[in-house]
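Participant: Quick one: this structure, given as structure tokens, is what I'll be asking you about.
The values are calculated or read from the model by the stated rules, or taken from the named source; none is laboratory data. This is a predicted model, so every value here is computed, not measured. Backbone-built Cβ (ideal geometry, glycine too); neighbour counts: all protein chains shown.
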Number of protein chains: 4
Amino acid sequence: MPLDISARFTFRLDTPTDVLLQFEAAQLPEQAVLRADTRLSETLHLARVPSTDQIGERLLLRAEGEFEVSYAAQVEVQRQLADIAALPALDPHELPAETVGYLFDSRYCQADRLQSFVATRFGGLQGGARINLMREWIACEIEYAPGSSTSDTTALDTFVERRGVCRDFAHVLIAFARASAIPARYVSCYAPGVDPPDFHALAEVFLANPETPGGGAWHMVDATGMADPAHTAKIGVGHDAADVSFMTVFGNADYGEHEVKVTARD
Amino acid sequence: MPLDISARFTFRLDTPTDVLLQFEAAQLPEQAVLRADTRLSETLHLARVPSTDQIGERLLLRAEGEFEVSYAAQVEVQRQLADIAALPALDPHELPAETVGYLFDSRYCQADRLQSFVATRFGGLQGGARINLMREWIACEIEYAPGSSTSDTTALDTFVERRGVCRDFAHVLIAFARASAIPARYVSCYAPGVDPPDFHALAEVFLANPETPGGGAWHMVDATGMADPAHTAKIGVGHDAADVSFMTVFGNADYGEHEVKVTARD
Amino acid sequence: MPLDISARFTFRLDTPTDVLLQFEAAQLPEQAVLRADTRLSETLHLARVPSTDQIGERLLLRAEGEFEVSYAAQVEVQRQLADIAALPALDPHELPAETVGYLFDSRYCQADRLQSFVATRFGGLQGGARINLMREWIACEIEYAPGSSTSDTTALDTFVERRGVCRDFAHVLIAFARASAIPARYVSCYAPGVDPPDFHALAEVFLANPETPGGGAWHMVDATGMADPAHTAKIGVGHDAADVSFMTVFGNADYGEHEVKVTARD
Amino acid sequence: MPLDISARFTFRLDTPTDVLLQFEAAQLPEQAVLRADTRLSETLHLARVPSTDQIGERLLLRAEGEFEVSYAAQVEVQRQLADIAALPALDPHELPAETVGYLFDSRYCQADRLQSFVATRFGGLQGGARINLMREWIACEIEYAPGSSTSDTTALDTFVERRGVCRDFAHVLIAFARASAIPARYVSCYAPGVDPPDFHALAEVFLANPETPGGGAWHMVDATGMADPAHTAKIGVGHDAADVSFMTVFGNADYGEHEVKVTARD
């Protein structure tokens, strides 16, 4: 049951300007990119580099004038889905080296300041069961309200204002998880069912694999309830939205059209 | 001319508690750890894992009761010192993959919000010359005032309040550099001349190596003026202080003694 | 059943410095200051001016050197106590002119950002019954923790961190009330039972007087539960703690001793 | 040389909703309202109450459905203009009671955190000369950029981001003045030359009147440089924009048209 993905966005650069893009579904063991067609307007320079944690690629480019990005892909997702409620967390001293950095505060996820709240509200449960409770709390207490947040909005802002979009829901969940000493990272992705259709974002938490002593794995959790990990194609990961914007412009750009479509074939 | 380093700190954990430590001088091409002696109280668990960017190691441990860390080392620093004033920056599209993440905002370094200021104040210069000007601005405008900031203080707070300690000086410089599209990271380190003597922190910026097309290197910059890169031993690096605390406790600890001594042999 | 109040605090001013003080129980219809003895070190200048809303007085002074404030008073409080649960709020269009300003955001009480939360959590009740529910929510969700906040801590910080002292409890309640369009102000006061003994702070909300059409009155509410309005002597009022500090120094001061004692005679 | 003022704005209220309006030029000794014509759609309730510091009036109303406010007035401004450069500040201990509250921090003007900056940058001058220097600094360092700020933007945000509109310029100047122990308040007003034409805002500072011992007066200062105090009609004053919005809705409103026109007759 592959996903059909298309994305198209345009912008204009008045002068030669550097742009970072990361919008392609990543090639990963659990998601096979069957076909992909990326078309870009002419660039003055173009390089591809691996992105954070070697998941997906960044396009580093320099261009001028009208610019169009158009992308079409078919992705077969075969993600191992676990009932995370049954999964314990690893204690910090048991964590693999590459996950330790995801315990720390980042730009939009100031976990330290939420520790009292998290200990009180979610303290009765541990590991994946606690994460599930956090997800439910967020789904219940925070309103999904397009237009209610900006690129400056942090997890604390959303916790106070109780409104946001997928990015904000992910930030709150990441902050809650880290405040429980559970590594958590931000995932940009494509998922059907996102409304209005757009790039999507959710959280990933690192939990123990009970069958492998000392082992663990990342598990997607979507507090908005819109994405099903079984049908979600990862684009990239990072500490939070600061790391995996689909587009970062080093200068000025006039944004034009923007269209994302994702369908799961039956 | 090696550095003699000693550090000792104690704390008490009322219950079995996880602790992350990163306090040892890293073994690196440009700094040879000639001798090192790390002594820890008994632990319930102890693992060593490589830290961010493979620089230095984190000690992941679990312990209970009185705990003492004592460290003594001799480090030969042979850091290539460049006159960064002469070094251009690389454009974002030219950056090596592993430096791209250091362009983005982090917990304490919200570079995006400082872009107007940085463009106006430092816009006349580029690359290393611009970094030097930033360093001078910080040294001139921000007062070194022990006790004036907390673990919550960000680069924006320091920019507003014009007071801070080494950590805050580094955060402002990192934020300024990133606002200029120059990758910048946080370095925890040992340096003689730090007053009062303690762990030290400074910034590292990634600039072009004019002799190697497409090449570049990290360069230490200390806006406090207290550390000389030629006599500074790196402990670890990260996006900002959130990533490289010398000690992170997942629970409660009573802090005890704390002593750091660094001398450069003549 | 009068209150016996004493307060004493000292500080040192290295140069001639302006200081505002407001620490005396106010003379008010509902609280008679039976005896009061205020002793100050010598001043270069001393004026008394009425304070906000004509409640209490500010001492404006200029002094130099060691300074001691000592105050002893006996106050008979005969405050009309209402069961606020039965009192409706006035709609904004019904409010007396002098209460309208207490609907607005102030330094420490950013009510606007809490509107969603307040509407959802407390929306089922109105007027005084809603205020009571807010008080219970705060008492239940926020931990009274001396030393956990600073002079920079706002109602939003406390809402996030779930810890604070009387001042923070009052700020959260004021913010909640204003987010419900109920005028709320900050009251500094003396109350027995405050632990540790110190100046105290609580909130006052303006509710309708059902017996007087268009009429209303201010009612004290203490979310810490430590003060009984029947035995609380007001010092002053304001938008929040920014307006009614017991001491504001325009320059540098070294703080010395600080002692407050309040007892209700049987 | 009277001012001709017209303002018209519309909004829709889906349910009966309370609204506060303050948009009429105030009748004051220094500005005579020669003619005024205020037309409002039908209200369910309408009251007029004096506003902060008895300057201007607030309209407290309740209405439903389409609502239109239309206002036309002719105002003769005869404001005493002083060269503030020559005016000293009053020391806090000399201030009239009613100005003391304007020394304190408010929602958008967190003066305390700017004290170091203000002491360093403006410390060489006092009183009105210092205010002039602050005004020049703001005009020089902050870009007037419509759309760059929101209703959440504080003086600290503007100080960091170096962009804003009249409201933000006023907030920064107020914060700077208070950080120098000079009372400062926010003034909403009508002024010709505002571009784009709209309600305007500026700061007022309280300085000594050298001819009247102990006396002082409020003086308008516009850091945007757009308004001339000689041709500016005050609407209202307050601690900052939180107190003198031209319109505050206690519920939801759909905003419609909005037009302001001010001309100075020759």
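Participant: So, in region B:46-71, of the ones that are surrounded by 19 or more Cβ atoms within 10 Å (Cβ to Cβ) and out of contact with any Ser or Thr (no Cβ under 7 Å at 6 or more places or on another chain), which residue ends up nearest to the other protein chains (Cβ to nearest Cβ)?
Facilitator: Of everything passing the filter in region B:46-71, B:60 is nearest to the other protein chains (Cβ to nearest Cβ).
Participant: From D:260, D:237, which residue is at pLDDT 95 or above, in the same structural domain as residue D:55 (by TED's automatic domain parsing) and assigned to a strand (DSSP E or B)? Quick ask: steps written out before the conclusion?
Facilitator: Details: D:237 fails: in the same structural domain as residue D:55 (by TED's automatic domain parsing).
Of D:260, D:237, the one residue that is at pLDDT 95 or above, in the same structural domain as residue D:55 (by TED's automatic domain parsing) and assigned to a strand (DSSP E or B) is D:260.
Participant: Right, here's the next one. Just to check your reading of the model, which residue among D:205, D:194, D:165 is farther than 29 Å from residue D:258 by Cβ and assigned by TED's automatic domain parsing to the domain that holds residue D:113?
Facilitator: Exactly one residue qualifies, and that residue is D:205.
Participant: Which members of region A:91-135 meet the condition of being within 8 Å of another protein chain (Cβ to nearest Cβ) and among the polar types (S, T, N, Q)?
Facilitator: A:106, A:110, A:116, A:120
Participant: Among the residues of region D:33-45, which ones are within 14 Å of chain C (Cβ to nearest Cβ) and surrounded by 15 or more Cβ atoms within 10 Å (Cβ to Cβ)?
Facilitator: Matches in region D:33-45: D:40, D:43.
Participant: Look at region C:248-263 and say how many of its residues are out of contact with any Ser or Thr (no Cβ under 6 Å at 6 or more places or on another chain) and over 15 Å from residue C:66 (Cβ atoms).
Facilitator: Our first condition is that a residue be out of contact with any Ser or Thr (no Cβ under 6 Å at 6 or more places or on another chain); within region C:248-263, this holds for C:248-250, C:252-255, C:258-260, C:262-263.
Then keep just the ones that are over 15 Å from residue C:66 (Cβ atoms); that gives C:248, C:250, C:259-260, C:262-263.
Total meeting the criteria: 6.
Participant: Turning to a different aspect of this structure: Does residue C:232 fit the bill of being surrounded by 22 or more Cβ atoms within 10 Å (Cβ to Cβ), in contact with an Asp or Glu (Cβ under 9 Å, 6 or more places away or on another chain), polar (S, T, N, Q) and within 21 Å of residue C:3 (Cα to Cα)?
Facilitator: Here the answer is yes, as residue C:232 does meet what is asked.
Participant: Go through (1) out of contact with any Pro (no Cβ under 6 Å at 6 or more places or on another chain); (2) closer than 27 Å to residue B:52 by Cβ; (3) surrounded by 16 or more Cβ atoms within 10 Å (Cβ to Cβ) one by one and return the number of the condition residue A:151 breaks.
Facilitator: Of (1) out of contact with any Pro (no Cβ under 6 Å at 6 or more places or on another chain); (2) closer than 27 Å to residue B:52 by Cβ; (3) surrounded by 16 or more Cβ atoms within 10 Å (Cβ to Cβ), only one is false for residue A:151: (3).
Participant: If you take the residues in region B:78-137 that are in contact (Cβ under 8 Å) with a residue 60 or more places away in the chain and basic (Lys, Arg), which one is surrounded by the most Cβ atoms within 10 Å (Cβ to Cβ)?
Facilitator: Only one residue fits best here, namely B:107.
Participant: Taking region D:171-200 on its own, how many of its residues are of a type in the set (Gly, Ala, Ser) and under 12 Å from the mean Cα position of the chain (by Cα)?
Facilitator: Result for region D:171-200: 3.
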